[in-house]
Amino acid sequence: MMEAPATEEKPALKVLLCSPRGFCAGVVRAIDTVEQALARYGAPVYVRHEIVHNRYVVESLKAKGAVFVEELDEIPDTDAPVIFSAHGVPKSIPAEAQKRNLFALDATCPLVTKVHREAEIHNKRGRDIVLIGHADHPEVVGTVGQLPAGAITLVQSVDEVARFVPRDPARLAYVTQTTLSVDDTAGIVTALKARFPHIHGPHKEDICYATTNRQEVVKKVAPMVEAMVVVGSPNSSNTQRLKEVAERAGCPRAALVQRAGDIDWSVFGSIASLGVTAGASAPEVLVEDMFFPLPRVLRGPEAAE
C-alpha cells in the first residue's frame, strides 16, 4: 500500500500591520466633498480628474452619481456642482469655470494649497522657483499652473539640479510635491543647497505629514519582515513611494496591490512574516488627529461664523 505524499507545511504567518496607514485627512476631505455634494444637490456631480488616485474610491463614487472628466469642456452647461480633485489644479481651471458660470467646489488638499501660496509669495519677491516633483503628476501640473509660464522649473533628480541654470542664483527658492519620498527629496534639496547656498526653502517641509509618518513606520517594519504588501493604486504617488521605502529599508520583497486578490503568494513563497500598509488614498478606516473642514458651502450651520 502506497503512502500518500506528505504535504508541505507552511510556517505560521506573522503579520505586522503598519499604523498609521490608509486614508489621510486630505483624502477624507476630498471624498466627503463629493459625497456631501451628492447628498445636498443630487446627481450628477462632476469631478475634474480622479478625486483621489484610487480606482475603488472612484468606482464607488461613480455608482452614487459622480461623473469624472479630465477637462471642463467635457461638462455640459449645468447648475450641477463641479469639483476639483485633491491634487489641485492650475489657475486657468477655476478661471474657466467662473467664465462658464459653473458651480465650482475646490477639494484641493490644504497642504497642496500651502505649496501654491508659497510659490506665489516667492514669485512676488522676484525669485525663480524650483519645484521638486514628478513630471505630469496632476499635483505638479497644478502647482506649475499657479504662476506664469517659466516662473517655475521642475527638477526631478540630482542630475537635473546640476544642469539647472537660474537667472539669478541669489534670488532662488524651492518647493516640493507633497507626496514624494522624504529620502528622494532630501538628496535633491542637498544638491540645490550645495549649488545655491542662498536658496530659500519652505518654512515647514512640503512633504505632507501623512506621507512622512507612513514612510517612517514602513522604515521601521521593513527590516523586521520577509515581505511587505502596500495596498493602493499604481497611479498613486504616495503609495508607490511606500513600496520604494520598504525596499530601500531592507525588505527583501515588496508588492503594491489594489486588493487582497491581487497578491501573488507564489512570489513570496513560504514566508513567516509579512508587513502590511496602505497608501494615503487607499480606502481603509483610519482616525487621525488632523482634520480639514469641507469647502464652506458644504458645511453645516454649526460651522457658520
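The values are calculated or read from the model by the stated rules, or taken from the named source; none is laboratory data. Not measured: the values here are computed from a predicted model. Here the Cβ positions follow ideal geometry from the backbone for every residue, glycine too, while neighbour counts run over all protein chains shown. Areas reflect the complete protein model, heavy atoms only, side chains present, ligands, DNA and RNA absent. Shrake-Rupley method; radii C 1.70, N 1.55, O 1.52, S 1.80 Å.
Where strands (runs of 3 or more DSSP E) fall wholly inside region 25-117, the ranges with 1 or more residues that are under 30 Å from Pro202 (Cβ atoms) and among the basic types (Lys, Arg) are 45-48. Considering region 57-115 alone, what residues qualify as being touching a Pro at 6+ places or on another chain (Cβ under 9 Å), surrounded by fewer than 19 Cβ atoms within 10 Å (Cβ to Cβ) and either of a type in the set (Ser, Thr, Tyr) or on the phi > 0 side of the Ramachandran plot (or both)? Matches in region 57-115: Ser60, Gly65, Thr78.
Within region 235-247, identify whether any single residue is touching a residue at least 60 places away in the same chain (Cβ under 8 Å), in a helix (DSSP H, G or I) and surrounded by fewer than 16 Cβ atoms within 10 Å (Cβ to Cβ), and answer yes or no. So far as region 235-247 goes, no, none of its residues is touching a residue at least 60 places away in the same chain (Cβ under 8 Å), in a helix (DSSP H, G or I) and surrounded by fewer than 16 Cβ atoms within 10 Å (Cβ to Cβ). Does any residue of region 204-211 turn out to be at negative phi, modelled with pLDDT under 80, open to solvent by 20 Å² or more (accessible area, probe 1.4 Å) and within 23 Å of the chain's Cα centre (by Cα)? Yes: region 204-211 contains one or more residues that are at negative phi, modelled with pLDDT under 80, open to solvent by 20 Å² or more (accessible area, probe 1.4 Å) and within 23 Å of the chain's Cα centre (by Cα). Looking across region 162-184 at every residue that is acidic (Asp, Glu) and closer than 22 Å to Glu205 by Cβ, the one that is surrounded by the most Cβ atoms within 10 Å (Cβ to Cβ) is identified as Asp184. When Thr143 is tested against (1) in contact (Cβ under 8 Å) with a residue 60 or more places away in the chain; (2) under 27 Å from Ala95 (Cβ atoms); (3) among the hydroxyl-bearing types (Ser, Thr, Tyr), just one condition goes unmet, and that condition is (1). One residue stands out in region 145-160 among those that are within 14 Å of Ile129 (Cβ to Cβ) and more than 23 Å from the chain's Cα centre (by Cα): the one that is least open to solvent (accessible area, probe 1.4 Å), namely Ala151.
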